[in-house]
Every structure is written in structure tokens, then in C-alpha cells.
Amino acid sequence: MAGQAEHATNGAEASKTVPAAQSAAASDPAQIFQAGQNALNSNHLDQAERDFRRVLVIDPQSGAAYANLGVVYMRRKQWSQALENLGKAEHLMPQVPGIRLNIGLAYYRQSEFLKAIPPFESVVRDEPAAVQPRYLLGLCYFFTEKWSDAADTLEPLWPQESTQPSYLYVLSIAAHRAGKKDLDERATTQLVRTGENSPEFHLFMGKAHLNLQQYDQALADFQAAAAANPNLTFVHFNLGLAYLKKQDYEHARDEFLKDAAIEPDLALNYDELGDVYSLLEQDGEAEKNYREALRHDPRLINSDIGLTKIYQRQQKYQQALAAINSANKLDPDRTDVHYLRGQVLMHLGRREEGKKELETSVRIDNERRAQREKQVESGSVPSPELLEDSQ
């Protein structure tokens, strides 16, 4: 998979933002910027931040300093600060594609794929041969189920990426969903040819079967991958998904727990465990795992919804309202969120508000029925393995 490293703006670009007279009078801004860049390259983020802010005190129009401050905040996962500084850098240096690439990356790493598409598209227009932005754009189309766009964007990367199982998997699924039969067959054949029965090959073949709702075949491939390499990242997560689809909740639980031991920071493990424990009617464990999922990723709507349902069953309606309000802030257009919020408000005696929420749920459901049915038909499963940085 194409690397997802941030693009730091270099000293040559920075020097363009320092007025010539000032540069001639004193070399401090350029020297300070270079010190900041050296600190950034060594991942000494506090020092880098101080240096770039010193440059901005001297030259408030230094787009490069804003750009590299954005990189500092990206590495800290302080996304709002990163986007604020990258936005200022883009305004000052609209001709630099690396800044727009970082804006796309900042959205991408938050799984804000629709917001990442426009900046990635602009970079691909400027640099059509560049691998990283094209690959990331293709993945954004993939995650938002724009299958034809994904296939068309990724296919030109065949010469560089056609030995990589992750690329071939994404391309084959996108082509299949888009009805591009020849491309689907070419990518699938190449995946089989290059995989050489490796654990990674079985992981992605299993993932393809899982997306096509071929659960027994998916299990066979995931089990082969786990047998060859039990510590392979995401293999136990995907085994858990396959067992969950087959309603084998005990085995699903065991696999998600195994993956959580290997990848303790993966929020989706705890989110899925919350669902499994809820289905097993173990509300205490379900609540604990949903909260752990939200600790790692506060944007997991499914965990907020899961908590809402638990608190409803326990008649803890104020806690249920707090959980569903959190989900509603994240996605105010989801019908299930409005429906649950309406139920909770009715239980709290706020009947008029509850009635409005239920009516909103019905209205949105009617407006989006065709789209919702399409999603049910083609629904893809979570793919955290495709979000991992390769660098």
C-alpha cells in the first residue's frame, strides 16, 4: 500500500516567504525554520513547534511555517489544530500540492473520507503520476462505496502496486461492485498468482469472501492465515467478523479478544466486542467495551447506539439520552439515531420532543429508502487493515 507519511514543507519553499530585504538583513528566520525542520525530521515535536511559531512571529505570512505546524499537530493526532494551520498554509501557498495532500490525510486518518476526497482530487489533478495521493483517493472512493470511481482511480497504479495484496484486494472488490468484470478477474487472478499461499494472501482472499457474504469460504481463508501466522495483524479481527456474521457469538468474542491482545489500540475491536456481549445478554461487559471503544475513538457512533440500548433496557433513560445525543451530534441524518432518541424522550415524559424525533426518523427513512436499500445490498464490512500506515 502506498505510504501515508506527512509531507513536510522544505526550506527552499520557506525561503520564498521571507522578504528579501529582511533575509539580507538577518538570516534568523531561515535559520530558525531550518532548526524547526531538523527537529521535525527527528520527531522532536515540541522543539519544532516552538521554532515554527518563532518564524511566524517574524514573518506572519510564512505559509511553510504554518504547513509544518500542521504536520506537528498531525503527528500528535491533534486534528483540529492541524487542519487550522494547514488551511492557513493553503491560503498562503495554494500552489504547493503537499499542503493539500496533508489536508486530505488529516481527514483520512479521522475516517472522514468524504471530506478527504476534494483535497486528494486536487493533488491528483496536479500530479496524476504520483502514487500516494492517487492510492489514498482510490481508498476514499472505496470506503464511501463509489465503486466505479475507486476502480478507475486505482487501475493506473497497476505497474507500481500489482504485487501488493492489499491493492489487488481493493481493486478487485471495487471492480466487482462496479460491474467491471474484466478488471475484477485480472485483479483476482493476480492476487492468487502473487499471494503464493502466504498468510497475507489468505487474509485478503478471506476479506473478499466476507464482502461477498461467502462466510464459510471467508472462515477457511482466515483460519489458514491464522494457522500460518497467529500474530498477523487483523486476522483475528476478521475471524471475529466472520463468526459474527454466522451468529457464532462465542467464537466471535474469542477472536476479537485475541486481536485486542495484539492490537490494544484498535477501537473497532472493543466496538465489536460490545456488540457481541450485547447479543450474549452480558450488558456489563458490553458497556465496558463500548466505553473502551469510545475512549480510543470518540466518533464510533455504533458504540454510542449500543450504550443507548443498554441503558434503555436498564431504564436508565438520562444516561441513554446522553449517549444518543452524542451519536446525534456525530451524524444527525441517521434514522436509527432519531428513532432511539425519540423512544428515550418518550420514556422521559418529553412527549412532544419524542414525537418530533420519531417523525424525523420516518421522514429521513422515506427520503433515503432507495439509497438505504442499495447499502443493504452492497454493504461492506469494516476494513481497518486498509487504514494502516505502511511507513
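The values are calculated or read from the model by the stated rules, or taken from the named source; none is laboratory data. Note that the coordinates shown come from a computational prediction; the quantities given were computed from them, not determined experimentally. A quick note on method: Cβ atoms are made from the backbone with ideal geometry, for glycine too, and the neighbour counts reach across all protein chains shown.
Filtered by the rule that a residue be touching a residue at least 60 places away in the same chain (Cβ under 8 Å) and over 14 Å from Glu121 (Cβ atoms), the stretch 92-104 gives Leu92, Met93, Val96, Gly98, Ile99, Asn102. Taken over the stretch 91-112, residues that are over 24 Å from Lys146 (Cβ atoms) and in a helix (DSSP H, G or I) amount to 4. For the stretch 214-233, a residue qualifies if it is closer than 25 Å to Arg295 by Cα and touching a Leu at 6+ places or on another chain (Cβ under 7 Å), and exactly one does: Leu232. Every condition in (1) of a type in the set (D, E, K, R); (2) surrounded by fewer than 20 Cβ atoms within 10 Å (Cβ to Cβ); (3) within 18 Å of Glu385 (Cβ to Cβ) is met by Lys288 except one, and the failing one is (3). Residues that are out of contact with any helix residue (DSSP H, G or I) (no Cβ under 8 Å at 6 or more places or on another chain) and either part of a helix (DSSP H, G or I) or at pLDDT 95 or above (or both) within the stretch 16-41 comprise Ala20, Ala21, Ala24, Ala25, Gln31, Asn38, Asn41, listed in sequence order.
Taking (1) surrounded by fewer than 17 Cβ atoms within 10 Å (Cβ to Cβ); (2) at negative phi; (3) in a loop (DSSP other than H, G, I, E, B); (4) not basic (Lys, Arg) in turn, Ala227 satisfies each apart from (3).
Looking at Ala39, Ala89, which is the one that is surrounded by 15 or more Cβ atoms within 10 Å (Cβ to Cβ) and in contact with a Lys or Arg (Cβ under 9 Å, 6 or more places away or on another chain)? Being surrounded by 15 or more Cβ atoms within 10 Å (Cβ to Cβ) and in contact with a Lys or Arg (Cβ under 9 Å, 6 or more places away or on another chain) holds for just one of Ala39, Ala89, which is Ala39.
In the condition set (1) under 28 Å from Gln78 (Cβ atoms); (2) among the acidic types (Asp, Glu); (3) buried (at least 19 other Cβ atoms within 10 Å of the Cβ), Asp331 is compliant with all but (3).
Quick one: in the stretch 166-189, which of the residues that are of a type in the set (Lys, Arg) and either modelled with pLDDT under 95 or not in a helix (DSSP H, G or I) (or both) is farthest from Phe113 (Cα to Cα)? My answer is Lys180. The helices (runs of 4 or more DSSP H) located wholly in the stretch 113-165 that include 2 or more residues which are small (Gly, Ala, Ser) and either under 18 Å from the mean Cα position of the chain (by Cα) or surrounded by fewer than 20 Cβ atoms within 10 Å (Cβ to Cβ) (or both) occupy 113-126, 147-154. Answer yes or no as to whether Thr188 is surrounded by fewer than 18 Cβ atoms within 10 Å (Cβ to Cβ), more than 30 Å from Lys288 (Cα to Cα), polar (S, T, N, Q) and in contact with a helix residue (DSSP H, G or I) (Cβ under 8 Å, 6 or more places away or on another chain). No, not satisfied.
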